[in-house]
Amino acid sequence: MTRSRQYGDAGQAFPIYITVVGGLLFLALAYFAVGQATVSRGGAQTAADAAALAAAQDTRDQLADEWTKAILDPAKWQDILHGEGQVPQSSCWRASELAGQNDAHIPGGGCTTGFLSYTVSVETNKVIGESVVPITSSRHSKAHATAVIEPLCDVIKPVAADHGPDELPRLTCKRDWEVDPKNPSSLPKPQDLFDVHLADQ
């Protein structure tokens with residue numbers, strides 16, 4: 001009688017055991033799906049950050065080139081070094097290039113320019129992947145980022161009484177620069193004239 005009851009209890013417990021194991025397995029798969037989504041979202045954010053920074057850096061380089069071309073015309077320096085000179089060519093092409101290198105793309109209208117800034121939205125080329133959450137099998141991760149170009153320099157005009165009429169102004173940035181057009185290697189580099197960084201999201 002006792003042995004029969006033991007077998008009966010075991011038979012009743014088996015379905016409960018299967019249910020518990022099935023529930024734990026589902027939870028494990030759900031956590032895996034969340035992990036997949038997190039990794040995919042992280043990849044999208046990396047692509048967006050890289051794309052926005054690349055576009056801003058390309059525009060920074062254009063501004064630096066513009067200043068170098070105008071080096072003998074100090075009247076133009078202030079506007080160029082504060083981003084108010086001739087509008088450079090859009091660098092969204094560079095953002096698209098970097099997004100592609102990070103296995104993502106920029107949808108139409110996903111790269112916009114502001115004053116000394118770029119905002120880029122990207123979408124991963126690959127879907128998040130198959131999981132217990134059906135929608136992940138067809139969903140692409142998306143992210144956006146904004147990079148800004150920060151002017152670092154001011155123009156210090158020479159005092160006429162102490163300097164000749166052809167004396168070029170000085171630049172005061174993170175350090176002072178004596179501008180010597182005859183020595184191009186001594187001129188400030190783009191990163192000396194402008195800082196490029198991601199804006200706080």
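The values are calculated or read from the model by the stated rules, or taken from the named source; none is laboratory data. Computed from a predicted structure; not experimentally measured. Backbone-built Cβ (ideal geometry, glycine too); neighbour counts: all protein chains shown.
Structural remarks
- Test: residue in segment 72-95 that is in contact with a strand residue (DSSP E or B) (Cβ under 8 Å, 6 or more places away or on another chain) and of a type in the set (Val, Ile, Thr): no
- Within segment 137-162, considering residues that are at pLDDT 95 or above and small (Gly, Ala, Ser), the one surrounded by the fewest Cβ atoms within 10 Å (Cβ to Cβ): Ala145
- Matching residues, segment 98-112, being more than 12 Å from Ala44 (Cα to Cα) and surrounded by fewer than 17 Cβ atoms within 10 Å (Cβ to Cβ): Pro107, Gly108, Gly109, Thr112
- Test: Glu97 is under 16 Å from Pro188 (Cβ atoms), of a type in the set (D, E, K, R) and part of a helix (DSSP H, G or I): no
- Residue list for segment 52-79, filter: under 28 Å from His144 (Cα atoms) and aliphatic (A, V, I, L, M): Ala52, Leu53, Ala54, Ala55, Ala56, Leu63, Ala64
- With respect to the conditions (1) assigned to a helix (DSSP H, G or I); (2) of a type in the set (A, V, I, L, M); (3) modelled with pLDDT of 90 or more; (4) under 16 Å from the mean Cα position of the chain (by Cα), Val120 falls short on a single one, namely (1).
- Within segment 72-100, tally of residues that are over 13 Å from the mean Cα position of the chain (by Cα), in contact (Cβ under 8 Å) with a residue 40 or more places away in the chain and within 21 Å of Leu53 (Cβ to Cβ): 3
- Selection within segment 123-136 - of a type in the set (A, V, I, L, M, F, W, C) and modelled with pLDDT under 70: Ile128, Val132, Val133, Ile135
- From Gly110, Gly114, residue being farther than 17 Å from Leu171 by Cα, touching a strand residue (DSSP E or B) at 6+ places or on another chain (Cβ under 7 Å) and at pLDDT 90 or above: Gly110
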